[in-house]
1. Which whole number in µm²/s is D for segment 55-146 by Stokes-Einstein, with the Kirkwood Rh taken over Cα pairs at 4 °C and 1.567 mPa s?
2. Quick check on the chain: of the DSSP beta bridges with both residues there, what percent are antiparallel, nearest 5%?
3. Over the Cα atoms of segment 1-116, compute the convex hull volume and normalise it per residue, giving Å³.
4. For the chain, find the longest principal axis of its Cα atoms and tell me its angle to the long axis of helix 145-156, 0 to 90°, nearest 10.
5. Using a simple spin-label model with points 7 Å from Cα along the Cα→Cβ vector, what separation in nm is obtained for residue 203 and residue 81?
6. Can you sort 76, 116 from fewest to most other Cβ atoms within 10 Å of each residue's own Cβ?
7. Kirkwood hydrodynamic radius, computed over distinct alpha-carbon pairs, for segment 237-298: how many Å, to one decimal?
8. What angle do you read, to the nearest 10 degrees and between 0 and 90, between the alpha-carbon axis of helix 245-255 and the longest principal axis of the chain?
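No lab work stands behind these numbers, since they all come straight from the coordinates. Just so it is clear, the structure is predicted and the values come from calculations on it, not from any experiment. Note: ideal-geometry Cβ built from the backbone for every residue, glycine included; neighbour counts use all protein chains shown.
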């Protein structure tokens with residue numbers, strides 16, 4: 001069993017990172033603490049600064065202020081050591097369409113300084129790992145979007161990085177290809193890799209991330225596990241289903257709160273979805289000798305959290321209750 005997140009060494013730490021372009025402040029003093037072997041997801045509206053954060057932490061641009069350590073190396077003083085420890089897959093593919101998949105991988109291996117024999121071994125292993133064997137000798141221009149993304153990440157892994165930055169890696173992919181990417185990310189983390197993920201898809205962060213941060217107006221306006229963030233938003237409830245109307249009525253009197261649905265024989269009791277709150281509801285019903293036939297838990301999702309901490313766009317405020 002892997003150690004708890006709170007006891008793992010940090011893969012990425014940042015304090016007071018700032019970046020401005022002219023009079024526009026993109027990052028306004030953000031702090032990060034990301035444990036090794038975890039998935040951290042940075043969310044935010046378009047233009048919130050997610051890509052800027054990735055570019056700073058991956059040494060592509062310099063911050064105006066603040067400090068960061070990546071894989072134990074100081075971002076400002078040891079950029080070369082930082083680059084040796086990381087891999088980056090940006091929003092736009094780095095694949096060369098004129099080369100085959102195999103040739104793209106061999107080119108990356110050559111850039112890392114591998115000898116020919118080692119380069120071919122590395123390329124062959126990644127072709128197999130990313131299910132590209134049948135397409136390896138075809139030009140990358142013939143690849144589907146999902147195949148190109150798999151090849152892009154395979155190229156990122158040529159140098160065996162321990163930290164990978166994935167900047168919106170599934171944008172534009174069909175649902176099947178997105179799920180395939182999710183499995184790849186999970187496998188990387190299972191091997192001990194740390195993943196810094198930016199995404200436009202809140203369900204993606206919900207399914208993958210150990211911790212999530214929401215960036216808005218240059219500031220981190222919320223941080224925590226997906227479950228912790230959902231508890232910030234009111235509106236969750238426990239749904240109890242009963243065998244008959246009598247049991248429903250007794251439960252409603254016992255609990256004294258909740259919305260009844262006599263047709264469905266259900267009672268919706270406000271709660272945050274935590275184990276403690278669910279147990280408290282069930283204990284009260286059980287103490288009254290009322291049998292519960294079914295149980296459901298509904299909590300706000302990350303969409304609700306996102307809009308709660310960043311605000312809804314004006315065009316949505318007019319149509320969304």
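1. My calculation gives 85 µm²/s for D.
2. Around 65 percent antiparallel, to the nearest 5.
3. With only Cα atoms used, segment 1-116 gives 165 Å³ per residue.
4. 60 degrees
5. Calculated label separation equals 4.3 nm.
6. So the ranking, lowest neighbour count to highest, is 116, 76.
7. Values: mean 1/r = 0.0893 Å⁻¹.
In segment 237-298 this quantity evaluates to 11.2 Å.
8. In the chain, helix 245-255 runs at an angle near 80 degrees to the longest axis.
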